[in-house]
Amino acid sequence: MTYETVKTFYKNKNIFLTGGSGFVGVSYIEKVLRSMPDVGNIFILLRPRKGQDIQERLNAMKNNSVFDVMKTSEGFDELLNKIKPVCGDISEENLGLSDDDFKMLCDNVNIVVHCAATLDFETDLKTAVIVNLMGTKRIVELSKKIKNLQCLLHVSSAYVNSNKNYAMEKIYDAPANYNDIINYAQTMDTEKLNSAAEKIMGDHINTYTFTKALAEHVVNDARNIIRTCIVRPSMIVAAWKEPVEGWTVSKNGPQGFIMGASKGVVRRLPVNKSLIYDYIPVDVVINTMIASTWFSAQLPDSTPTVDEQTPIFHCTTSTCNPFRWNDVSSILTTTLHNYPIRGAVWYPNIKFLPNLFMYWISSAIFHFIPAYILDFVTKISGGRPILVRLHKNVNRSLSKLAPFIFNEWKFDNARTLRLQEELSVDDQSVFYIDPTSLKWIPYFTNLTLGVRKYLHKESDKTMKQALKKNFMLMLVNTGVQLLVVTGIWYLSSFITGTPFLSNYWAALIVVIFGYIF
């Protein structure tokens, strides 16, 4: 089948985007405007926040670091003027749109990109249904009324099939009837619904995977009325190539713990280093979204589906370029020392522990004891203590995250790799979607630098000072370790009433404990 180029397809097309202020949303806006300046307008659904209307929220978005590269090019302001805020909320009836905005979208939009969702794995069932399921249903209903719609793209998750060890690019049987679940959310008492959540969800890990799986069926059921496609990313991480290597504004997944590790606060992490973890760079996700929309919109009218389903594209690495923490664990701490941050509170040192039991023991010693000490110092200095609360929150969420930490999934992405081949030679270089050539060690080095620059907000100018501080923290850390070993050695000698040197076994036990935990 012969297609027009991606850039030609998107020329003058108007896009309606939900979730535009999130990590994926702003990345999508930036890539579309930078790579396809002839695109039409991008209407983004925004809801007002306390003390901030949608225009103020848009102005804040325009200052996002994702646009730093674009700011150096001509016509930047003109391109940003193509972003049009629309007041609304996916959790409200008719998306909370005014009659005028609803009509405007129906008359002008060509492509709908639905990214908005609640990503909180601890969200109660009713909230997840309202946002992830009913929100998607409202987007589908709007899309059906758009006069010149060419495609609805729904951004889902590879983990909608987390109840399977191996998932293909297809829609599996629904875990429940989505209309029944919506009815429960609308009619049942919140407490009663949430107490029945485990039974309702069956073998799904949490409310997120359950409601996102149902949302796919809402989209799929509309496939013969409107053009649809679904992209399923795995864990989305920092940029591989664009707009800048290592760029990120997300604190989820590896970026979050590297952020804590570089500060010296997170020192232990429960991870099975031999398992495959599926990480996908955000720029590959964005390119897949752009290309899958292009592909699906141009399917012939006689067969607007693939295998009689909405086309599904796995944006994943587990089967084509598997990542294991064994691959980078040896260089991670070294990288943190080569590129330290000036705001570190302790000497960075990250250790992976293979189960939660070992993590709890290690966390009590290496997280909570220092946290209580540093919080006490902060409090008497007039500051706001946060470390103990931070570690309590982390430990509380780990029980919810444990299935994702200690399970291995493989997501077949053969169709997505074939999609790369459908692109023209020029489009393949601009909208790269094949992650097989990604090298994980240099990628994680760039990710660490990205965390330093974009999450810690530290420029290259602070590197010299940060290296000096890192050296001083190393000396202090070594001194504390020696003090602890010697102190326990001496205490054991005092308690047993035996000569100091004969109790060398106490020091040896402490050293071995520190090595293991």
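The values are calculated or read from the model by the stated rules, or taken from the named source; none is laboratory data. Since we're looking at a predicted model, the values are computed, not measured. Positions of Cβ are generated from backbone atoms using ideal geometry, with glycine treated the same way; all protein chains shown enter the neighbour counts. To get the accessible areas, we keep the full protein, side chains included, count just its heavy atoms, and leave off ligands, DNA and RNA. Shrake-Rupley method; radii C 1.70, N 1.55, O 1.52, S 1.80 Å.
Touching a residue at least 60 places away in the same chain (Cβ under 8 Å), touching a Pro at 6+ places or on another chain (Cβ under 7 Å) and under 25 Å from V476 (Cβ atoms), is that true of L269? No; evaluated as a whole, the condition is false for this residue. I'm checking my understanding of the structure. Among residues of region 455-514 that are in a helix (DSSP H, G or I) and of a type in the set (F, W, Y), which one is modelled with the highest pLDDT? Of everything passing the filter in region 455-514, F471 is modelled with the highest pLDDT.
On the basis of being among the aliphatic types (A, V, I, L, M) and within 21 Å of the chain's Cα centre (by Cα), does L152 make the cut? So L152 does not fit the description; no.
Screening I225, I205, I182, I200 for residues that are over 24 Å from the mean Cα position of the chain (by Cα), of a type in the set (A, V, I, L, M, F, W, C) and part of a loop (DSSP other than H, G, I, E, B) leaves exactly one candidate, I225.
The set of residues from region 319-356 being at pLDDT 95 or above, over 29 Å from S437 (Cα atoms) and among the β-branched types (V, I, T) comprises just one member, I341.
Annotation: of all residues in region 431-445 being open to solvent by 40 Å² or more (accessible area, probe 1.4 Å) and either of a type in the set (D, E) or assigned to a helix (DSSP H, G or I) (or both), the one that is nearest to F323 (Cα to Cα) is I441. Residues that are without any contact (Cβ under 8 Å) to a residue 40 or more places away in the chain and in a strand (DSSP E or B) were ranked within region 26-67; the one that is most open to solvent (accessible area, probe 1.4 Å) is R49. Tally the residues that are touching a residue at least 12 places away in the same chain (Cβ under 8 Å) and either among the hydroxyl-bearing types (S, T, Y) or assigned to a helix (DSSP H, G or I) (or both), restricting the search to region 235-259. Going through region 235-259 one residue at a time, the tally reaches 7.
Highlighted here are the strands (runs of 3 or more DSSP E) found entirely within region 73-175 that include at least 3 residues which are open to solvent by less than 20 Å² (accessible area, probe 1.4 Å) and at negative phi: 111-114, 151-155.
Comparison of T118, T72, T5, T18 shows that the only residue that is under 25 Å from Q420 (Cα atoms), hydroxyl-bearing (S, T, Y) and either touching a helix residue (DSSP H, G or I) at 6+ places or on another chain (Cβ under 9 Å) or free of Cβ contacts under 8 Å to residues at least 24 places away in the same chain (or both) is T5. Could you list, ordered by first residue, the pairs with Cβ atoms under 6 Å in which the first is in region 165-182 and without any contact (Cβ under 8 Å) to a residue 60 or more places away in the chain and closer than 15 Å to F210 by Cβ and the second is open to solvent by less than 80 Å² (accessible area, probe 1.4 Å) and small (G, A, S), at least 6 apart or interchain? From residues that are without any contact (Cβ under 8 Å) to a residue 60 or more places away in the chain and closer than 15 Å to F210 by Cβ, the pairs are P175/G202; P175/A213. Of the residues that make up region 370-391, is at least one outside any loop (DSSP other than H, G, I, E, B) and touching a strand residue (DSSP E or B) at 6+ places or on another chain (Cβ under 9 Å)? No, region 370-391 contains no residue that is outside any loop (DSSP other than H, G, I, E, B) and touching a strand residue (DSSP E or B) at 6+ places or on another chain (Cβ under 9 Å).
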